[in-house]
Amino acid sequence: MDRRHRELAQNCRSGRPSGDIAAVSGVAQGILWDEIPSVKERPWHPLGVSTSWKDEAKVDEYVERVERLDARRAGEAELVEVLPARTKRVLDLGCGDGRLLALTLGARPEVVEAIGVDSSPPMLARARARFASDTRVSIFEHDLSDRLPALGVFDVVVSGFAIHHLAHDRKRSLLTEVTKMLRPGGAFANLEVVECATPELHEEFNRRIGRPGGDPEDVLARVGPQLEWMRDAGLRQVDCQWRWRGFALLVGQAPTTLPS
Ligand SMILES: C[S@@+](CC[C@H](N)C(=O)[O-])C[C@H]1O[C@@H](n2cnc3c(N)ncnc32)[C@H](O)[C@@H]1O
């Protein structure tokens, strides 16, 4: 079984819905990866909303639902705690409607430039509307599957529930790019959806956050490997600073000295 198949099987174990389980069965039966329907060809969801972040209905459902999650607010409060004391430039990966950027700007009013990137037109529209009168904020369309553009050096890079949509290899290369974009001692704070220890625990988490069956677009990993990937990317002081079921705050710091 190659890496991509192992990832798919891992997602299946994490409680993703039956469409993926069928796909894994396909792998087991020797069906080629390319024959497995892509997510875009499986536009179903247990809640009856689209699986694509480019879809207005999915974005509406998400934005409205997550606002009401106490656990999300608890994670955000912890993220604010790890923002560096003097933050001038901030980057948000998969910024969505700009919620984390707004939180960061509220907590660090000294910020002079904030950049958000996302690939979803409806999310980008919401973020641009939110910051229409804030000249410090720029929102760019960018697919995180592709290498990050040259955006300069940041004091902090934040991300909220976005990186888990990328393949594991891309998560790892993205972490290396992020490490290089941080100033020495700068922080990376990733408030993320992670894989729970068992499918049953993960489904309980899904139920509690109001999305039974999970999201077919998720490519989840457990906390332990993700912390290793962060260390491998060159981050220091790496830890899971907060956890509630399938939500985790994964934090690291760029080295303060250049590698010899
Ligand atoms: C669960 S939402 C989180 C949005 C926001 N960060 C928040 O904290 O509420 C996931 C976001 O990741 C974005 N996303 C998913 N895959 C992406 C990709 N490959 N490139 C860029 N953005 C992506 C989606 O468009 C969406 O805005």
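I'd like to know if segment 221-240 contains one or more residues that are polar (S, T, N, Q), in a helix (DSSP H, G or I) and either under 14 Å from the mean Cα position of the chain (by Cα) or modelled with pLDDT under 95 (or both). Yes, some residue in segment 221-240 is polar (S, T, N, Q), in a helix (DSSP H, G or I) and either under 14 Å from the mean Cα position of the chain (by Cα) or modelled with pLDDT under 95 (or both). Of all residues in segment 79-97, exactly one satisfies the criterion of being closer than 14 Å to Glu192 by Cβ and away from the ligand (no atom under 12 Å from the Cβ), namely Val82. Annotation note: Cβ proximity below 7 Å between a residue of segment 75-96 that is β-branched (Val, Ile, Thr) and a residue that is within 12 Å of the ligand (Cβ to nearest atom) and open to solvent by 10 Å² or more (accessible area, probe 1.4 Å) (sequence gap 6+ or interchain) occurs for Val80/Leu103. Residue count for segment 128-172 satisfying the condition of being polar (S, T, N, Q) and touching a strand residue (DSSP E or B) at 6+ places or on another chain (Cβ under 7 Å): 2. Of the residues making up segment 159-175, those that are in contact with an Asp or Glu (Cβ under 8 Å, 6 or more places away or on another chain) and open to solvent by 30 Å² or more (accessible area, probe 1.4 Å) number 3.
For Ala57, the conditions (1) modelled with pLDDT of 50 or more; (2) aliphatic (A, V, I, L, M); (3) assigned to a loop (DSSP other than H, G, I, E, B) are fulfilled apart from (3).
Can you work out which of the residues in segment 187-200 that are surrounded by 22 or more Cβ atoms within 10 Å (Cβ to Cβ) and not in a loop (DSSP other than H, G, I, E, B) is farthest from the ligand (Cβ to nearest atom)? Ranking the qualifying residues of segment 187-200, first place goes to Ala187. Looking at segment 220-250 only, could you name the residues that are open to solvent by 70 Å² or more (accessible area, probe 1.4 Å) and either more than 22 Å from Ala74 (Cα to Cα) or basic (Lys, Arg) (or both)? Scanning segment 220-250 gives Arg222, Glu228, Arg231, Asp232, Arg236, Arg243, Arg245. Only one of the numbered conditions (1) assigned to a loop (DSSP other than H, G, I, E, B); (2) open to solvent by less than 50 Å² (accessible area, probe 1.4 Å); (3) at pLDDT 95 or above is violated by Val156, and that is (1). Being at pLDDT 95 or above and away from the ligand (no atom under 16 Å from the Cβ) is a condition met by no residue of segment 41-53.
Sub-8 Å Cβ pairs linking a first residue in segment 115-127 that is over 15 Å from Val63 (Cβ atoms) and open to solvent by less than 40 Å² (accessible area, probe 1.4 Å) to a second residue that is in a loop (DSSP other than H, G, I, E, B) and more than 8 Å from the ligand (Cβ to nearest atom), at least 6 apart or interchain, are Ile115/Leu151; Val117/Leu148, ordered by first then second residue. None of Pro149, Pro184 is within 13 Å of the ligand (Cβ to nearest atom), over 17 Å from the mean Cα position of the chain (by Cα) and either over 22 Å from Phe247 (Cα atoms) or modelled with pLDDT under 95 (or both) except Pro149. The one condition from (1) touching a helix residue (DSSP H, G or I) at 6+ places or on another chain (Cβ under 7 Å); (2) not in a strand (DSSP E or B) that Glu177 does not meet is (1).
The values are calculated or read from the model by the stated rules, or taken from the named source; none is laboratory data. All figures in this text were calculated on a predicted structure; none of them were measured in a lab. Note that each Cβ is placed from the backbone with ideal geometry, even for glycine, and that neighbours are counted across all protein chains shown. Accessible surface areas use protein heavy atoms only, side chains included; no ligands, DNA or RNA. Shrake-Rupley method; radii C 1.70, N 1.55, O 1.52, S 1.80 Å.
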